[in-house]
Amino acid sequence: MQQYPAELPNKGPRPKGELEELERIWATPKGFRMLTAVNNTVIGTLYIGAALLFFVLAGILALLMRTQLAVPDNNFLGQDLYNQIFTVHGTTMMFLFAVPVVEALGVMLLPQMLAARDLPFPRLSAFAIWAYIIGGLVFFSTIFYDMAPKGGWFMYPPLTLTEYSPGSNADFWLLGIGFIEISAIAGAIEIIVGVLRTRPPGMTLAKMPIFAWAMLIFAAMIVFAFPAVILATMLLELERAFGWPFFTAASGGDALLWQHLFWFFGHPEVYIIFLPAAGLVSMMIPVMAQTPLVGYRLIVVALIATGFFSFGLWVHHMFTTGIPGLSLAFFSAASMAVAIPSGIQVFSWIATIATRKSRFRVTVPSLFVMGFLFIFVLGGLTGVMVAVVPFDFQAHDTYFIVAHLHYVLVGGMVFPLFATFYFWAPMVSRKMLSERLGRWAFWLMFIGFNTAFFPMHITGLSGMPRRVWTYPGYLGWDMLNLISTAGAFIMATGVLVFIIDLVRNFRFGRGGPENPWNAGTLEFLPNDVYSTRSIPHVTSRDPLWDQPDLAQQVREGLHYLPNAPTGGRETVITSVIEAKPQYVIQMPGPSWTHLAAAVFTAACFLLLTVKAVAIALTCGVLAIVSCIVWAWQLDRPDQGEVDIGGGIRLPTYMTGPMSHSWWAMVILMLVGASLFISYVFSYLYLWTVSPEVWAPGGSPALPPWTYPLGSALLLTGGSALVYWAEKRLPAAGRFSLLVPALLVLAAALLAGAVGLEVLGHVRTGLDPSANAYSAMVYMAAVLTGQAAFATIILCAFACGRLAAKRMDRERRITFDNAALLYWYTAAQGLCGLVLIHGFPRLIG
Amino acid sequence: MSKGPLWTMAGTGLLVLLAGCNSEQSAFTPAGAEAERINILFWIMTIAGGLILVGVIVLSAVAIHAGETLRSRLSSERFIIGAGLVFPVTVLSMLLVYGFVVLRAGASAPPSDNGIRFVISGEQWWWRVTYFDADGNSFESANELHIPVGQPVRLELTTADVLHSFWVPRLAGKLDMIPGRTNVLTITATEEGVSRGQCAEYCGGAHALMSFHVVAQTPEDFEAWMAKESGPAVRSEAGPAVRGGQLFLDSGCGGCHAIRGTPAAGVIGPDLTHVGSRHSLAAATLPNTAEAFAHWIANNQHIKPENKMPPYNIFTRSELEDLAFYLESLQ
């Protein structure tokens, strides 16, 4: 008879049927219903698979380019196709591989590392993944019918304006990628709330696995960086479609505005890609050395510092644009400073290896990690070199940079990623990947990579610029290029060996070896579709090492929530810092709704690209309908308190700042605010460039004060109405006509406020396509208008819930979200009014 | 060759060997003051970086293979702070200061005193070069820049369409050409000779085929060249040249191209007044020979796809030869 320790949260043995119920609730749908699945391991695997597919596709493009460049004066690809291919290669690698694959690893690994049953918004991540797969495939396929963008992955105007890029090639980039960025943001919100709120009891922030820290910072960086490029994308598409001259110098715009916005996103992007990979390395090295990470706190500080610094570096992509010396000095110093946190991590890893208690195990993951260390340090050192401004004057936009960026990204991210595949495959595969094939893959990739990219340092300084489809034979670049091409094919062979390994050995399913590397973190607990059988109480950073019986206890259901007390999918929500259990979240299961939403959203954006406006708008409406049906099934009623073990009784419904929904809404508001701040920056930036087109001198005088005052009055009035409605929410099961009436009126005031603002400018004769100032004025209304559009839909949705008696004084998450969004929109609208009507008067 | 220490020369030699023999576009064989300073900076950073890389490899090897006593020195937070914080802060601070010194040295060169202005405009996909003399008279040329040796020369860089970047690796770093702005690049050639430059900012279509030459001459040669270049085209009385010249005008070439001293006064394409004396054709895409002229006129869309000149298949073989002879005679 087995002994069950008395101090554990739950007593054993667990009642019969409990496990079966968990399995039934969390079962993955079979057959074609697999498409509706939301389990993080299922969609996580799909996500990683799709990202890998794009990696291979973009890699094939790279091989085509290397074939073209193998010899001088080659005509293998031709100019136009080469320009399309390098654009699609860069775009795919950055937007369809690098960011998605790390986000995918977050979706896949985080719930397991945190022993949560799933991420808090399972359908949201599934939506993001499907939107990405559909949008990504359509975007990539443009290369097959000569429709691919050819303005470079950085899409600098004026080259990408209609004048120099007619046709819809560039629009595929702007709409296709812009929309995938939205999916990345959805994933980021999921990850932030997941890391902060679904940790197991006892796992304080200071005990969190480094990967969770890295993903938290990663997601926060997405929230602040991606809106800048989304705004840039909007501005460029508006200029292409309607001639609003944000980037045309002759009308007061500036091509450099795009570069500022793009790199304000683009540089953090590099660290967005690198930090999670570094986090994974910090997880693997302690296991290889069988000793806790040395310098855990230093690494956390380093990760945060990297995230912070990375927003102060964007101008180092613009050193050669002729910006003033003072800016050069500041951004040069900041660019060097960011090397320091990386140094701290590198030496922490070396220190951890040195602390090993036993022999250092040379396995495939450790080979990839050591390969990473070498390549990344080299890439970091060339990074410091290009941070020195005069040297960058030479190296910028040459093959030296091609070498540097591949050392940093392939070394910093792809090698850790392959280590990850070998290390964590047993979590979702019945078989481990092969050590023998893995070694072949590593050595081919490592040798191939260095053969391909090391010579490029020399090629670049020998004078070869980037993005050239051909070169003459007499400049001494031919041998170097031939070597690079050979290396590229060797590396590709390594990737091929890995794919063979996957085909032969990767079998999705449970029952692989349990904790094959003797790791210390929770993802190596025995797990199934429901994640772990029970949610452990964590007391240290390496619970599996420090609590030797933990796996057994968890499997037997002796820790928290060994069952499904509400009868549905659920997990424990804990407090942000201390991870104290707060409530049990009820989570949605498989559904067609988010899938339909993803399909129609993708269709809407892609059809807009080819100017099929009517069908596109129909798809847009269908997407919104799908979202409404999806959201209708959420906000489930309170199931009363449930017992999760250890004498802890938790509520099953939560509102206000403690609820996960409130957190997600606040993060969404931060996204909106980042977008708006990027706009304010753009407005002021263009003013510094072209004050001569600003009102009142260069444009019609502003409308009289009555317009903005009226608009402001409507916004504040609407906000007050929403506040009043909140106080009058009916009791459960009751209906009140007052609340919907107030919400409808508030929505009308919001629409009126935007309308009045636009009307005021129209009546002064201001034409958005006249100059950069007028375009910026209307842009403020566009931004407030789109927030208002979402708010109005949410208000209508709340009215519907109220009518269906699914919303009341207690069950009020829908109302809270609508109210938060309303107040946010009103606040943004007011800020916009102050800027648009105040600034020109202030300077005029 | 660089005036830097011996190892700079040795390293450069090695690289030139690796990269083949020609180096007219290589930053490793500087012929200008700015490029020389950067070359020295490059070698100092490369050697220091190489040592750091070796250091990291050695430390990793120690961590993996060494015995316990040696390893124990690496296994503390003190080691992390020393190697990961103190060391880089020290090294990077020194590098930062050095970088600023090089930057200032490049920016603080006094403008040349001969009063000549050099304005270069990037256009898809060639370079319009305009010289203004001290009296404000100007003349145009294309895809080739002549400068006097030993004097800092201020180049005013603009663009007629999209972004371009002016880059002559042997003389200096690059500087972008941006609509609505005039960026000023100062270069100082330290030796006579021809260097090759190339557009370094992706500018669409034929970006790969947008190069040019810079000819650094003694101040006397430069003045002589200016005097000749600013004048009208030389007339050749040879039969093919006369026929070619007439053909040029009759076929409407003058709608885009100017040849000073003739009715051809187009401003869309490169000025051809002295095209025969330049080092290359089509922005350093072809050698400057009569055959290349003929080849270009008939097949330019094949040689340089998407360029703004239509292909002229209307000429007979002998007409092409006359045209080519005429253009080649414009010395």
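The values are calculated or read from the model by the stated rules, or taken from the named source; none is laboratory data. Nothing here was measured: the structure is a model prediction, and the numbers come from that model. All Cβ positions, even for glycine, are placed from backbone atoms using ideal geometry, and neighbour counts span all protein chains on display.
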Conditions first: (1) surrounded by 24 or more Cβ atoms within 10 Å (Cβ to Cβ); (2) in a helix (DSSP H, G or I). A:V294 passes all but one, so which condition is the exception? (2)
Yes or no: segment A:166-173 includes at least one residue that is within 27 Å of A:G253 (Cβ to Cβ), within 14 Å of chain B (Cβ to nearest Cβ), surrounded by fewer than 21 Cβ atoms within 10 Å (Cβ to Cβ) and touching a Phe, Trp or Tyr at 6+ places or on another chain (Cβ under 9 Å). no
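Could you look through segment A:454-469, keep only residues that are more than 30 Å from the chain's Cα centre (by Cα) and either farther than 30 Å from B:G173 by Cβ or part of a loop (DSSP other than H, G, I, E, B) (or both), and pick out the one that is farthest from the other protein chains (Cβ to nearest Cβ)?
Looking at residues that are more than 30 Å from the chain's Cα centre (by Cα) and either farther than 30 Å from B:G173 by Cβ or part of a loop (DSSP other than H, G, I, E, B) (or both), I get A:M464.
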Evaluate the following for A:S429: is it closer than 24 Å to A:N527 by Cβ, in contact with a Gly (Cβ under 7 Å, 6 or more places away or on another chain) and not basic (K, R)? yes
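Say whether the condition of being in contact (Cβ under 8 Å) with a residue 60 or more places away in the chain, small (G, A, S) and over 24 Å from A:I222 (Cβ atoms) is met by at least one residue in segment A:610-631.
Taking segment A:610-631 as the starting set, the residues that turn out to be in contact (Cβ under 8 Å) with a residue 60 or more places away in the chain are A:610-611, A:624, A:628, A:630-631.
Filter once more, so that each one left must be small (G, A, S): A:631.
Add one more test, that the residue is over 24 Å from A:I222 (Cβ atoms), and what stays is none.
Looking through segment A:610-631, none of the residues is in contact (Cβ under 8 Å) with a residue 60 or more places away in the chain, small (G, A, S) and over 24 Å from A:I222 (Cβ atoms).
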Across segment A:493-514, what is the number of residues that are crowded, with 18+ Cβ neighbours inside 10 Å and free of Cβ contacts under 8 Å to residues at least 60 places away in the same chain? 1
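Could you tell me which of the residues B:I40, B:I52, B:I57 is closer than 29 Å to B:G193 by Cα, aliphatic (A, V, I, L, M) and not assigned by TED's automatic domain parsing to the domain that holds B:F212? Can you show your working first?
On the way: B:I52 fails: closer than 29 Å to B:G193 by Cα; B:I57 fails: closer than 29 Å to B:G193 by Cα.
When all the criteria are applied, what remains is B:I40.
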Count, please, the residues in segment B:41-84 that happen to be surrounded by fewer than 15 Cβ atoms within 10 Å (Cβ to Cβ) and among the small types (G, A, S). 6
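Looking only at segment A:190-197, decide whether some residue is within 27 Å of B:H207 (Cβ to Cβ) and in a helix (DSSP H, G or I).
Of segment A:190-197, the ones within 27 Å of B:H207 (Cβ to Cβ) are none.
No: zero hits.
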Go through segment B:32-62 and give me each residue that's in contact (Cβ under 8 Å) with a residue 60 or more places away in the chain and at the interface with another protein chain (Cβ under 10 Å from one of its Cβ atoms). B:E34, B:A35, B:R37, B:I38, B:L41
Does segment A:248-256 contain at least one residue that is within 14 Å of A:Y683 (Cα to Cα), over 15 Å from the mean Cα position of the chain (by Cα) and more than 13 Å from chain B (Cβ to nearest Cβ)? no
Might you let me know whether segment B:208-226 holds any residue that is within 12 Å of chain A (Cβ to nearest Cβ), crowded, with 24+ Cβ neighbours inside 10 Å and in a loop (DSSP other than H, G, I, E, B)? yes
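Look through B:G269, B:G244 and report the one residue that is under 29 Å from A:A250 (Cβ atoms) and more than 9 Å from every other protein chain (Cβ to nearest Cβ).
Numbers: B:G244 fails: under 29 Å from A:A250 (Cβ atoms).
Criteria check complete, one pass: B:G269.
Those residues that are part of a loop (DSSP other than H, G, I, E, B) and under 17 Å from B:R117 (Cα atoms), I need them from segment B:139-194; list them, please. So that I can check it myself, show each step before the final result.
Taking segment B:139-194 as the starting set, the residues that turn out to be part of a loop (DSSP other than H, G, I, E, B) are B:143, B:149-151, B:160-163, B:167-174, B:178-182, B:190-192.
Answer for segment B:139-194, where residues must be part of a loop (DSSP other than H, G, I, E, B) and under 17 Å from B:R117 (Cα atoms): B:N143, B:V149, B:G150, B:Q151, B:R181, B:T182.
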With respect to A:P548, determine if the residue is in contact with an Asp or Glu (Cβ under 8 Å, 6 or more places away or on another chain), farther than 26 Å from A:F418 by Cβ and not in a helix (DSSP H, G or I). no
Kindly state which helices (runs of 4 or more DSSP H) lie completely within segment A:751-844 and contain at least 3 residues that are touching a Phe, Trp or Tyr at 6+ places or on another chain (Cβ under 7 Å). A:772-803, A:813-833
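What helices (runs of 4 or more DSSP H), lying completely within segment B:239-329, carry at least 3 residues that are out of contact with any helix residue (DSSP H, G or I) (no Cβ under 6 Å at 6 or more places or on another chain) and within 21 Å of A:N75 (Cβ to Cβ)?
Details: elements: B:239-250, B:290-303, B:317-329.
Because the criterion is at least 3 residues that are out of contact with any helix residue (DSSP H, G or I) (no Cβ under 6 Å at 6 or more places or on another chain) and within 21 Å of A:N75 (Cβ to Cβ), the helices (runs of 4 or more DSSP H) in segment B:239-329 that meet it are B:290-303.
Which of the residues belonging to segment A:470-498 are within 14 Å of another protein chain (Cβ to nearest Cβ) and either over 25 Å from B:G204 (Cα atoms) or assigned to a helix (DSSP H, G or I) (or both)? Break it down stepwise before answering.
Narrowing segment A:470-498 to residues within 14 Å of another protein chain (Cβ to nearest Cβ): A:470-484.
A:G473, A:Y474, A:L475, A:D478, A:M479, A:L480, A:N481, A:L482, A:I483, A:S484 - these are the residues of segment A:470-498 that are within 14 Å of another protein chain (Cβ to nearest Cβ) and either over 25 Å from B:G204 (Cα atoms) or assigned to a helix (DSSP H, G or I) (or both).
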Residue, nearest to the other protein chains (Cβ to nearest Cβ), within segment A:398-407, restricted to residues that are within 14 Å of B:W167 (Cβ to Cβ) and surrounded by 23 or more Cβ atoms within 10 Å (Cβ to Cβ): A:T398
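Residues checked against (1) at pLDDT 95 or above; (2) of a type in the set (D, E):
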residue: A:V613; (1), (2): no, no
residue: A:T618; (1), (2): yes, no
residue: A:Q633; (1), (2): no, no
residue: A:R636; (1), (2): no, no
residue: A:Q639; (1), (2): no, no
residue: A:D643; (1), (2): no, yes
residue: A:I648; (1), (2): no, no
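Is there a residue in segment A:637-654 that is assigned to a helix (DSSP H, G or I) and either surrounded by fewer than 15 Cβ atoms within 10 Å (Cβ to Cβ) or not hydroxyl-bearing (S, T, Y) (or both)? Show your work before the answer.
Here is the first cut: in segment A:637-654, the residues assigned to a helix (DSSP H, G or I) are none.
No, every residue in segment A:637-654 fails to be assigned to a helix (DSSP H, G or I) and either surrounded by fewer than 15 Cβ atoms within 10 Å (Cβ to Cβ) or not hydroxyl-bearing (S, T, Y) (or both).
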What number goes with the only condition from (1) surrounded by fewer than 24 Cβ atoms within 10 Å (Cβ to Cβ); (2) out of contact with any Leu (no Cβ under 7 Å at 6 or more places or on another chain); (3) assigned to a helix (DSSP H, G or I) that A:L64 does not pass? (2)
Looking at (1) surrounded by 19 or more Cβ atoms within 10 Å (Cβ to Cβ); (2) in contact with a helix residue (DSSP H, G or I) (Cβ under 6 Å, 6 or more places away or on another chain), which is the only condition B:G180 fails? (1)
On the given criteria, is A:F127 in the same structural domain as A:V56 (by TED's automatic domain parsing) and surrounded by fewer than 24 Cβ atoms within 10 Å (Cβ to Cβ)? no
Find the residue count for segment A:363-397, including only residues that are within 17 Å of B:G55 (Cβ to Cβ), aliphatic (A, V, I, L, M) and within 9 Å of chain B (Cβ to nearest Cβ). 7
